[in-house]
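The values are calculated or read from the model by the stated rules, or taken from the named source; none is laboratory data. Please read all numbers here as calculations on a predicted model, not as lab measurements. No Cβ is skipped: glycine too gets one built from the backbone with ideal geometry, and neighbour counts run over all protein chains shown. Side chains included, ligands, DNA and RNA excluded: accessible areas come from the protein's heavy atoms. Shrake-Rupley method; radii C 1.70, N 1.55, O 1.52, S 1.80 Å.
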Amino acid sequence: MMGQMSYLDSVNYHFGILLNHERDSINKFNKNNPDFQQLNFVVIETDSAKLMDPWNHIAQIISNIHQKRSFYPHSTTNKENTFYNSFYRDIGYINMSPYEMAKMLFMGFKNSPKGHYRFMIQDHSGAPGPGFSWFRSRDYKTFKILMCNSFDESMKCKWVFAATFTAWE
């Protein structure tokens with residue numbers, strides 16, 4: 001069926017709407033602040049070569065969680081937010097609509113106490129030092145949500161869900 005979006009494409013589409021709406025609201029709130037650098041309208045990354053490392057990272061996260069190994073959830077090569085959960089039973093992530101999935105991930109990052117929201121909106125307040133930025137241009141231009149749901153009957157944690165929000169200049 002030509003022209004049909006995959007589930008992952010649909011999640012990215014809806015996440016992009018939520019993300020750009022949030023960034024636009026921040027721009028409007030700060031329109032009279034001369035020190036505020038307006039946030040970019042961001043688009044979904046389409047270069048599949050950039051996605052190899054994030055996909056490998058998701059596979060590593062899932063493997064570590066299935067095997068109950070400790071690990072640092074963030075990659076050393078990607079600028080990303082990571083979301084993951086493990087369960088002893090299927091909790092239905094697979095049955096969520098793309099919009100529900102995008103909203104769950106967006107709100108999970110937005111409400112995280114660990115700086116995930118600050119990364120999504122490029123809020124540099126409380127940064128490690130003056131002039132700090134995750135990106136040379138102080139903001140990113142493209143992003144991609146990647147995710148995987150995994151089941152392994154032989155593992156202690158039978159169900160694992162992992163997702164990343166990765167951004168590029």
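In table form, for the structure just shown:
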| read-out | value |
| --- | --- |
| For residue 84: the one exception among (1) at pLDDT 80 or above; (2) over 26 Å from residue 44 (Cβ atoms) | (2) |
| Residue match in region 87-98 (condition: crowded, with 19+ Cβ neighbours inside 10 Å and either touching an Asp or Glu at 6+ places or on another chain (Cβ under 7 Å) or at pLDDT 85 or above (or both)) | no |
| Residues of region 17-52 classified as within 17 Å of residue 118 (Cβ to Cβ) and among the hydroxyl-bearing types (Ser, Thr, Tyr), total | 1 |
| Some residue of region 52-62 being charged (D, E, K, R) and either open to solvent by 20 Å² or more (accessible area, probe 1.4 Å) or more than 14 Å from the chain's Cα centre (by Cα) (or both) | yes |
| Flag if residue 41 is open to solvent by 30 Å² or more (accessible area, probe 1.4 Å), under 16 Å from residue 122 (Cβ atoms) and touching a residue at least 12 places away in the same chain (Cβ under 8 Å) | yes |
| In region 133-169, the residues that are open to solvent by 20 Å² or more (accessible area, probe 1.4 Å), aromatic (Phe, Trp, Tyr) and in a strand (DSSP E or B) | 151, 159, 168 |
| Condition broken by residue 120, with the remaining ones in (1) farther than 30 Å from residue 154 by Cα; (2) at pLDDT below 85 satisfied | (2) |
